[in-house]
Amino acid sequence: LCSSHIAAENSHIHAAMEARRPDSAAHTADDHLDHEHAIARLEDAAREVEASHGALRADALLALYRRLALFVAENLVHMQVEETENNAVLWAEYSDAEIDAVHDAILASLAPEKKAAFMRSLGCEREAKSAAETLALEPALAGAPVRIAGAIYTPTDESGDARKFTQALARLAAGRGVQFRFGVTVRRLEAAGGRVTAAVLARAGGTEERVSADAYVVALGSYSPLVLRTVGVRVPIYPLKGYSITVPLTAGEVAPRVSLTDEAAKLVFSRLGERLRVAGTAELAGYDTAVNRVRCEAIVRRTRELFPGLRGTDRAEFWAGLRPATPSNVPLVGRSRYPNLFLDTGHGTLGWTLAAGSGRAIADIVSGRRPEADFAFLGAGR
């Protein structure tokens, strides 16, 4: 939303807040000032977005803004603004049911065709499909007991086996002289004179080895912060544990061939030959990679709901891994405050999707070339 839209909508928030306060005498002047400050911060943020990316003209978003303003007024439990030197942080505490209601309101207010049109405006080819068109694209959904209302279809979207891709890429790289060091751990980096001087590796037996180079690229996913902090570089990356199940398929079995995203359950279904991979969920558990069977069994249940004819769900393999998440979901690619230390990390759930483009960009940056991609690459002072 552009800043003028935000300003125009504020009257609805004020009216809603005043009309729905159960006891106006119980709210202090500080409450009102907090609200005023929150609105001012919202306007500032909108101006920043408008200056960087231009105004987003979407009637659905304006309607959503008003609806969520009313929701906040009706259900707000606690609102507070915390001042720091550089920013003000606004947060609200909601029950799980209230958060679910906000989520439902967002989905309900953004019609499929408007979402598709918005993505097309950004260069992503998307088409809104009716129920009949959806079933024609993916016949395996015909057996679902749930009603299929339609879908958003991306003709250029693809899926594949990331493991096979990585193994093949490693073979090609080795053929061009790349040396791979397996069975070692990057324990720390060392720096002196404003530059990184070595990467310290730990072998399986516990002995250490120092590797010196002209340039160092940290691309360690969720573990990047642990290595970077050894030279005082802090990055906003946190591990989010994700889960997947892999269902074996038999010859002739009716199973999806189109990559599917179940927006309600936040799951992605990908066909990998004679296997069906279903992935999703997000768990805050630090660096714990243990598999929580309860979460995996929930994925199995949803898979059975959509594809009741699958025969291998009782033999599904469970897996868990860590996603390097950033607050904005935007990866950190570019140069650190050390001129010879570079970052290519924080890709969240889109590691393979963004891998080739990020790799090309970081190769350009290390080599002193300007990357082709239009992206906010990290620069000096990070």
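Please treat every number below as a calculation from the coordinates, not as lab data. Owing to the predicted nature of the structure, the values given are computational and were not obtained by experimental measurement. Cβ placement follows ideal geometry from the backbone for every residue including glycine, while neighbour counts extend to all protein chains displayed.
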**Request:** Mind giving me the nanometre distance, one decimal, between the label points for Glu283 and Ala204, set 7 Å out from Cα along Cα→Cβ?
**Result:** 2.9 nm
**Request:** Apply 1/(1 + (r/R0)^6) to the Cβ-Cβ distance of Glu127 and Val178, taking R0 = 35 Å, and write down the FRET efficiency to the nearest 0.05.
**Result:** 0.30
**Request:** Could you tell me what % of all Cα pairs in the range 264-382 have separations over 19 Å?
**Result:** 59 percent
**Message:** Residues of the range 161-201 with backbone nitrogen within less than 17 Å of a virtual label 7 Å along the Cα-to-Cβ line of Ser367, please, listed as ranges.
**Reply:** 173-174, 176-178
**Message:** Give me the extension gain from Lys114 to Leu137: residue separation times 0.36 nm, minus the current Cα-Cα distance, reported in nm with one decimal.
**Reply:** 6.2 nm
**Item:** Estimated inter-spin distance, Thr353 and Asn292, nm [label 7 Å along Cα→Cβ]
**Value:** 2.3 nm
**Asked** So how do 269-276, 342-349 stack up, highest first, on mean other-Cβ count within 10 Å?
**Response** 342-349, 269-276
